[in-house]
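Reviewing the structure listed below.
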Amino acid sequence: MTAAAAIETHPALSAHLSLGPVSLRTRDPERLARFYEQAVGLSRLRSTAAGITLGAGDAPLVILLRDPA
């Protein structure tokens with residue numbers, strides 16, 4: 001089956017479907033946050049002792065969780 005045929009036989013995703021933020025565990029949330037801010041253009045929405053939330057506008061997209069392990 002070709003890729004075009006596979007697309008035609010599968011129904012489209014619902015227009016109401018959405019994904020929530022991605023959570024990543026890291027030893028250094030501050031360093032990873034700088035990467036996402038500079039390379040991807042995300043904004044810092046929230047910082048706590050547990051981690052940092054980044055997003056676009058007011059929508060959280062990436063949650064960087066502090067993992068001391």
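The values are calculated or read from the model by the stated rules, or taken from the named source; none is laboratory data. Worth saying up front: this structure is predicted, and the values here are computed from it rather than measured. For neighbour counting, all protein chains shown are included, and Cβ atoms are generated from backbone atoms with ideal geometry for every residue, glycine included. The accessibility values were calculated without ligands, DNA or RNA, using every heavy atom of the protein model including side chains. Shrake-Rupley method; radii C 1.70, N 1.55, O 1.52, S 1.80 Å.
Could you check how much of the accessible area of the chain is carbon and sulfur, as a whole percent, using a 1.4 Å probe?
59
Most fluctuating residue of Pro11, Pro29, Pro21 in a GNM of the chain with Cα springs under 10 Å: which is it?
In the Gaussian network model the winner is Pro11.
In whole Hz and in residue order, list the ³J(HN,Hα) couplings for region 40-50 that follow from phi through the Karplus curve 6.51 cos²θ - 1.76 cosθ + 1.60, θ = phi - 60°; x for Gly and Pro.
Once rounded to whole Hz, the list reads 9, x, 6, 10, 7, 9, 7, 10, 9, 5, 7.
Can you compute the helix-only [θ] at 222 nm over the chain? Use -39500 (n - 2.57) per DSSP H run of at least 4 residues, normalise by all residues, nearest 500 deg cm²/dmol.
Calculated mean residue ellipticity at 222 nm is -5000 deg cm²/dmol.
Averaged per residue, what accessible surface does the chain expose to a 1.4 Å probe, in Å²?
Roughly 77 Å² per residue, with all protein chains present.
Which of Leu32, Leu13, Leu54 moves most in a GNM of the chain, Cα contacts under 10 Å?
Leu13
Just going by the charge dipole of the chain, with Lys and Arg at +1 and Asp and Glu at -1 on Cβ, which of Ala69, Thr26, Gly55 is farthest out on the positive end?
Looking along the dipole axis, the top candidate is Ala69.
Taking the Cα centre of the chain as origin and charging only Cβ (+1 Lys, Arg; -1 Asp, Glu), how large is the dipole, in debye to the nearest 20?
Dipole magnitude for the chain comes out near 300 debye.
Sorted by accessible area (1.4 Å probe), largest first, how do Ser18, Ser23 line up?
Ser18, Ser23
Points 7 angstrom from Cα along the Cβ direction at Arg31 and Leu13: gap in nanometres?
Once both label points are built, they end up 3.2 nm from each other.
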